[in-house]
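Take a look at the structure set out below.
The values are calculated or read from the model by the stated rules, or taken from the named source; none is laboratory data. Predicted, not measured: the structure shown is a model, and the values here were computed from it. Here the Cβ is made from the backbone with ideal geometry for all residues, glycine too, and neighbour counts use every protein chain on show.
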Amino acid sequence: MNKFSLFNDQWTPKIIGELNNQQVKICKLKDHFVWHSHENEDELFMVFKGTLLIDFRDGRTVEIKEGEILIIPKGIEHRPHTNGEIVFNLLFEPKTTSHTGNVQTKMSVKQLEWI
């Protein structure tokens, strides 16, 4: 949890580790992100603080609470968001994964920072 105190950016993952061509990232999330998918990579979300909501195109919304994990299979379009609170989240995904997946927006970050 200490690493979360090192930044205030939202929706901008920070790399905290790397293994077997995978990266462990943390990020702070608040409000809405963009609809996107990852064509070749599964994505793991683990919530450390707060509640993360993930919308799917079929109309479902999945709630991920503190200590819970959700894995989104490659190719599935999704949109993470919160209920207005700041959520502390961990992501585990291949090094090549763009956090906005197949969509380029002003929220896209080309080079992630290590902390």
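Descriptive notes on the structure:
- Scan of the range 58-73 for residues that are part of a loop (DSSP other than H, G, I, E, B) and either farther than 18 Å from Glu85 by Cα or touching a helix residue (DSSP H, G or I) at 6+ places or on another chain (Cβ under 8 Å) (or both), ordered by number: Asp58, Gly59, Arg60, Pro73
- Filtering the range 34-66 to residues that are surrounded by 14 or more Cβ atoms within 10 Å (Cβ to Cβ) and of a type in the set (Ser, Thr, Tyr) leaves Ser37, Thr51.
- Residue match in the range 26-33 (condition: in a strand (DSSP E or B), within 20 Å of Leu112 (Cβ to Cβ) and among the aliphatic types (A, V, I, L, M)): yes
- Residue that is farthest from Lys30 (Cα to Cα), among those in the range 75-94 that are touching a strand residue (DSSP E or B) at 6+ places or on another chain (Cβ under 8 Å) and part of a loop (DSSP other than H, G, I, E, B): Ile76
- Residues considered: Ile64, Ile26, Ile86, Ile72. Of these, the only one that is among the hydrophobic types (A, V, I, L, M, F, W, C) and at pLDDT below 95 is Ile72.
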